[in-house]
Every structure is written in structure tokens, then in C-alpha cells.
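Student: Can you read through this structure? Questions will come right after.
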Amino acid sequence: MKVCLLYKDRERTNEESYYDTASIIKDLGLKTLFLSAAKKLVYEAGEVKQVEKEDTYLMDTMRAVMMTPLESEAEIRYRQDIIKDCIEHEELIRALYGISSNVIRKWNELGRGGRDKLQQSNPVTKLTAEIRVLHLFSDSLSEIRTLLSEQEGLKSEGMLRFREQFFEAFSEEREEYVKKVLADISFYTDGADEDDEGRDKVVRPRIVMESGLEDGLKFSSLKLKEVSSASEKFYKPGSTKAKFREFMNSRIPDSFSTVNDLRINEQAGQLEYGIVSYVVEGLKGLTDEFQTFFDRLRYQAAFYLAALQLKHQMERSGDEWCFPEVCGRRDLEFEELRELVMGLERRMSVIGNSCSFRQKDLLIVTGANQGGKSTFLRSIGIAQVMMQCGLMVMAKSYRAGIFPRIFVHFTRREDSEMNSGRLDEELGRMNKIVEQIGDGSLLLLNESFATTTEKEGSVIAYDIIRALREAGVRILTVTHLLSFARRVHEETKDDQASGVEFLSAERKEDGRRTFRMIRHEPELTSFGLDLYEEIVENRSDKL
């Protein structure tokens, strides 16, 4: 039984995850995103009343799916359409995740995967566990069937196909058959775990067999004709009522009791075991068919539930979100794109940016310190990763190409893990990226090579970026290396087809930062004196 909610024609990905996912997660702050997606918001009268504790499985699933990019527009649309269905039918995706999670938990308790080997070595105990797993599967599949039958208005190809395939694999006829068989052999498990004090009914078997007789009254051509179960009033063994029932049963013609004969009682138990094993073997196909189904359903439903909860978190700040569109790799357009992680952390609206770049493969962002340049770069990186796994992004609109290989190179603070100088560390990371990067890759650079002199850093940045552009890499860089930025500007300012775009963090005449990026040629200062004057002014006020 296939699920195919993440991919149209397969259950698992054929693609590789991003190179150095740890750096992408760290530099873009994606842990906050994973954590937010794993928390359910409980509403009351339209207001958030409670934030439930994170579900670690949702968090891990979101991380795994986001770090494995899709490679085509069709795949992205496929997931986006399913998310739209989940938004309209939130109770459906929550129920699918809840049912599958419950099955996995109870299945593990019953000894799935070879657990409790000592107990499983007992054939009777093993058979009992198998029957209970079949009951668990049957009840859960019936619950899913009812759930899907009640859903109206599903539109996505993925959800419609999932429902159709499920109905084919677990039809009404098959459901009725499985339930009847399990009801017929219920005598083997019902009440087995109950104490005598808590029992009200007892389930007795009815087994009808047909056979011939050979010499010496030996059975031949043994055939099972009927197996069924019936409940009757339970009386504690040894009680007066139990003895009376036993006496009355002994008076039935052509019958005998197995209670007082240990050998016959043992043989009767072996007969029951053999018959029930035979019946259960006939249902083995159900177990084989659906044992991976619930694992797949839980994992894939987890992603969509996490996406839904992330949407609620995004709306909590009051910002707009959208489903991004795919365009050419040298184009990038967005309106009011916001840095999602910052919005999640602050639980408030953050300032967005709007840009439109056509046929560009290098974007250089310069400008005032503390002007929002790094935040701007992260907003693009986060949106790109989210788009490439089918998620919505925090913007009014977003159009970008697909880059299955995304690399990040952000400046790092010096810490005890560094075994060399900061420049050596930066060059070492860049060397590893160069070994993996290639045509159709996206590289995000944030203050790279700023750990050396401005002159030396500019030379390094110019040579590396020039080589990568020639290799077909698209580059977005935030830099204070003004010599590098001015050099590129001088070389490309008169060439409309250069593929280079320059942005600058906007600064008002009074030094105020708007945290918006505007088209502007590189300036010869980062306006560090603004920050110095602000610090001095703050200290003077305190004194």
C-alpha cells in the first residue's frame, strides 16, 4: 500500500540532501523554524490560549524533508497543492498523523521488530501478539477509511490518489472479511490479560472439523469447517455456579469435558493453537501489506502537519505568506519578503523587502552597519530552502529558480573549536565548498573574508567570486569589502548584460536605518561613526 504524499511516483527521495546541512541550519537559524513547526497552537475565541510542547518527531521530520530539496517545479507544485488541502481540512491531516502514531506506539508495545525475544520465543505468546497486531491494524485502517469517506472537497492530486489507492487496498469487502475472521478467533485473545475478579464474560470457541476414519480409529483427511466465538457468563473456577455449569455440560450426549483431564486439556489447547495459526496465516497478507504503510503515513503526514503548524506560527505575527513560484535561475523577484526566523523568535512583524532581478547571477549588498544586510540575505536563504521543499514563504509574493545545491559561507566568531586563525578557517570552509559546488548552485556569502585586511580580503573575494561565476554559480553576497565591491562596479557599470546587481542598506540623512535594501552603487563607507555616536549618546544619557 503506497502513500506517495511527498512524491508523486515514489515513497522515498532519489535526491541527496544539501551539502553541509549543519551549516545551512546554523547560519540561517533553521532550528527555530523546526521547533516552531513542532508546536501546536491552541486557540480560544480566535486568540492563542496555549502553546503545546514540541513534538520531537515533527521537528526531526521537518528537518529531514527541508534539507532534501526537490528538483522540479512539478514536484514543488505537488506538495503545495497537498498543503492547500491540509489547510482546508486540518482535522484530516491531524487525524492521519494521530492514527499512524498511535499504531506505531502500540505496535512497539506488542513487541515489534524482535523486541522481548524471550517472550516471543513462546509460540502461544507470539500468536497472541500477532492477533492483537491484526486487530490494531484492522481497527486503525477502518478508522482511516471512515475518515477519508467523510472528507469532501479534496482537490490535490496527491490526496485524491492516496484516498483512491487506500479504498482499493482496503475495500469494504476486505474490511468486513478481516473483522469477521478476527471476531471468529477472538476466543484466543479476549480476556487473556484480565484478572478473574474483573471479568464479566468469557469467550468460548466453536470449532467444527470434518474428517474420515482409518484403521484404529485414526483421523484422516482432516478439514476445518467452522471457527467461531461466543461469549457467555463468566463464573469463577471452583465456584458453585461453575461446577453446576460443568455438570450440565457433561450431560450433553456425545460430549466430554476437558477440564478435569490434563492430557486432553493440553491436546485441546494444541488443537486450538494449530487452528488459530492456520487462520492467522490466511491474514498474513494484511500484515505484510500494511506493516510499512503506517510508518510511511506517519512520516509523510508529519511533514504536512508541521507545515500547517508553521503556517499558524507565521500568521501569529500578522505577516503575509504565500506559495512561491518557480522561474529561471537567473531571475529573483519578491515582494515584502521577511526574515521568518526573526519573526518567529520575536513573535512580531518584521520589516520586509521587495526586489526584482532579471538575468542576474551576482548580487552584491553593501551599505551602513546594522542596516539589515545579513537579515536580508538570510531571508532569501530561508525562503529558497522552504520553496524547494514545497513550503510557503513569509512574503506577499516570491519567484525564484530551483537550486538543488545551496551553499552558505557566513563569517564565524572565533571559538575554542577553531584549530587555526579565522582567515585560515574561512579559506578552509571555502575550499570544501569549491570541491562540491558546480553549475546551477547557489552560494550565500555573508561578510566572508572580513577577518583579514580590507585590501587582502577584497583580492581574495574578487578572485574566488569571479571563478565561481565562470563555473555557473549564482552568488548573493553581503560585504564590507568596499574595494572589492567598487572594483566589480567599475568593471560592470556600463554593461547592461553583466549579470551583476548592487544593493545597499538604506540610510536616511539623519543616520536612521530603515532596514530596507535599495538599488545603489557601493559607497566608500559603512557609516560606522553613526554607531559610535549612538553609543556615546546612550552613555551620556546614563551618566
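Student: Would you mind working out the magnitude of the charge dipole of the chain relative to its Cα centre, with +1 at each Lys and Arg C-beta and -1 at each Asp and Glu C-beta, to the nearest 20 Debye? List each step's numbers first, then the result.
Tutor: Values: 80 positive and 95 negative charges, 143 e Å.
That gives the chain a dipole magnitude of about 680 debye.
Student: For the chain, what proportion of DSSP beta bridges, expressed in % and rounded to the nearest 5, is antiparallel?
Tutor: Around 55 percent antiparallel, to the nearest 5.
Student: Okay, next question. What full-extension length gain, to one decimal in nm, is calculated for residue 155 and residue 10 as 0.36 nm per residue of separation minus the Cα-Cα distance?
Tutor: Length gained between residue 155 and residue 10: 50.2 nm.
Student: Nearest 10 degrees, 0 to 90: what angle lies between the long axis of helix 454-470 and the longest principal axis of the chain (Cα atoms)?
Tutor: For helix 454-470, the angle is close to 60 degrees.
Student: Can you list the residues, at least 5 places off or on another chain, whose amide H is less than 5 Å from the amide H of residue 365, using H built in the peptide plane?
Tutor: Amide H to amide H, under 5 Å and 5 or more residues apart or across chains, residue 365 pairs with 477, 478, 479, 503.
Student: Let me ask another. Tell me what the chain gives for mean residue ellipticity at 222 nm when only DSSP H runs of n ≥ 4 count, each as -39,500 (n - 2.57), the sum divided by the residue total, rounded to 500 deg cm²/dmol. Display every interim value, and only then the final one.
Tutor: Working: 19 runs with 264 residues, N = 543.
For the chain, the value works out to -15500 deg cm²/dmol.
Student: Also: Specify the angular offset, from 0 to 90 degrees and rounded to the nearest 10, of the alpha carbon long axis of helix 373-387 from the longest principal axis of the alpha carbons in the chain.
Tutor: Helix 373-387 and the main axis of the chain meet at about 30 degrees.
Student: FRET efficiency for residue 35 and residue 284, Cβ-Cβ distance as r, R0 = 41 Å, nearest 0.05?
Tutor: On the way: r = 42 Å, r/R0 = 1.02.
Here the calculated transfer efficiency is 0.45.
Student: Multiply the residue gap between residue 125 and residue 487 by 0.36 nm, knock off their C-alpha separation, and tell me the result in nm, one decimal place.
Tutor: 122.5 nm
Student: Can you give me the angle between helix 172-184 and the longest principal axis of the chain, using Cα atoms only, in degrees from 0 to 90, rounded to the nearest 10?
Tutor: Rounded to the nearest ten degrees, it is 50.
Student: Can I ask one more? Rg/Rh for the stretch 317-456 to two decimals, with Rh computed the Kirkwood way over all alpha-carbon pairs.
Tutor: Reported Rg/Rh (Cα atoms, Kirkwood Rh): 0.99.
Student: Multiplying the sequence separation of residue 330 and residue 510 by 0.36 nm and subtracting their Cα-Cα distance, what value in nm do you get?
Tutor: Roughly 61.2 nm would be gained on extension.
Student: Here is a further query. Quick one: 159, 394, fewest Cβ neighbours within 10 Å first, how do they rank? Please list the in-between numbers first.
Tutor: Numbers: 159 22, 394 28.
Fewest-to-most ranking of 159, 394: 159, 394.
Student: In addition: Rounded to the nearest 0.05, what FRET efficiency do residue 470 and residue 104 have when you use their Cβ-Cβ distance and R0 = 41 Å?
Tutor: 0.20
Student: Which one of 178, 355, 69 is farthest out on the positive end of the charge dipole of the chain, using unit charges on Cβ (Lys, Arg +1; Asp, Glu -1) and the Cα centre as origin?
Tutor: Positive-most Cα among the choices belongs to 178.
Student: Right, something else. Using only Cα atoms, what Kirkwood radius does the chain have, in angstroms?
Tutor: Evaluated on the chain, it is 28.5 Å.
Every read-out reported here was derived from the displayed coordinates using simple, explicitly stated rules and does not represent laboratory data. Computed from a prediction, not measured in an experiment: that's the story for all the values here. In this analysis, Cβ positions are derived from the backbone assuming ideal geometry, glycine residues included, and neighbour counts consider all displayed protein chains.
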